[in-house]
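One structure is given here, and the rest of the page talks about it.
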Amino acid sequence: MDPDRETSSPEQRRFYGRRKGRPLRKGQQHLVDTLLPRLAIDLPASGTLDPTSLFPQPPKELWLEIGFGGGEHLAEQARAHAHAGIIGCEVFLNGIATLLAQVEAHDLGNVRIYPEDARDLLDRLPDASLDRVFLLFPDPWPKRRHAARRFIQTERLDQLAQLMKPGAEFRVASDDPGYITWALAHLTAHPRFQWLAQGPRDWRERPADWPPTRYEAKALREGRKPAFFRFRRRPD
């Protein structure tokens, strides 16, 4: 990964990672050229975004997946929960193309995509607008000097808590022992999040309504055991 790639918005914020892998196939490129412009979110120059206006009809709930990878989890959630409008953030073009194929195949009208840094979207969402947030297998940035690049930071949890409705759920998964420890320490210490686990099985086993991802499958093939955390946004 390129640690020095800048975001398209150069205002003291840097994006770490890569935006494209192998060349897209012809069909994938067609979806990027034709379908992505219809689903991509344009942020207002100032003020807040009205996320309900992104969908043909205002959704009953608004869900957000930060870094959806290949999109298999997001697509399955969209198929199972037509009442929810689901926004997916991802900068990796190959993953976006994979999700677009699933959106087209299953006619998922309740999916919208922000193909840029998720932090910019978070800055434009209104308070108490999110009913569920997913952060699944994020880059663990295992080196100590890179820890500040991890998505889970105290100030970002403050922001998420502000954007989530009381009672909203935050789901986090990782197969990296260091990140698991880091995430659990930060979330359990935060006063506005409540860990929902009652016993070890609640975080060692993926819940039935939590579709698997390719990253989970890879971890299991390579002998790593993922952890699945569910936290609730505490009432004010």
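The values are calculated or read from the model by the stated rules, or taken from the named source; none is laboratory data. Note that the coordinates shown come from a computational prediction; the quantities given were computed from them, not determined experimentally. Glycine also receives a Cβ, built like all others from the backbone with ideal geometry; neighbour counts cover every protein chain displayed. We work out accessible area using only protein heavy atoms, side chains counted, and drop any ligands, DNA or RNA first. Shrake-Rupley method; radii C 1.70, N 1.55, O 1.52, S 1.80 Å.
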Heavy-atom surface of the chain, accessible at 1.4 Å and reported per residue (Å²): 52 Å²
Place a point 7 Å from the Cα of A82 along the Cα-to-Cβ direction; which residues of region 93-110 have their backbone N under 14 Å from it? 106-110
State the extension gain, in nm to one decimal, for the chain segment bounded by E155 and R206, taking 0.36 nm per residue of separation less the distance between their alpha-carbons. 15.6 nm
Any chance you could get the radius of gyration and Dmax over the Cα atoms of the chain, in Å? 17.1, 50
Taking the Cα centre of each part, how many Å lie between region 61-135 and region 157-172? 16 Å
Classified through the alpha carbon gyration tensor (a ≥ b ≥ c as square roots of its eigenvalues; rounded if a/c is under 1.5, else prolate when a/b is larger than b/c, else oblate), region 108-232 comes out rounded
What's the carbon and sulfur percent of the chain's accessible surface, probe 1.4 angstrom, rounded to a whole number? 48 percent
Quick one: order E222, E61 from most to least accessible surface, probe 1.4 Å. E222, E61
With a ≥ b ≥ c the root eigenvalues of the C-alpha gyration tensor of region 34-93, is it rounded (a/c under 1.5), prolate (a/b larger than b/c) or oblate? oblate
Assuming R0 = 45 Å, can you tell me the calculated FRET efficiency for the pair L220 and T48, based on Cβ-Cβ distance, to the nearest 0.05? 0.65
Per the rule of 0.36 nm per residue minus the C-alpha distance, extending A128 to Q194 adds in nm 22.1 nm
What 222 nm value per residue comes from the helices of the chain, counting each DSSP H run with n ≥ 4 as -39,500 (n - 2.57) and dividing by all residues, nearest 500 deg cm²/dmol? -9000 deg cm²/dmol
Expected unfolding gain across Q57-Q29 under the 0.36 nm per residue rule, minus the alpha-carbon gap, is 7.2 nm
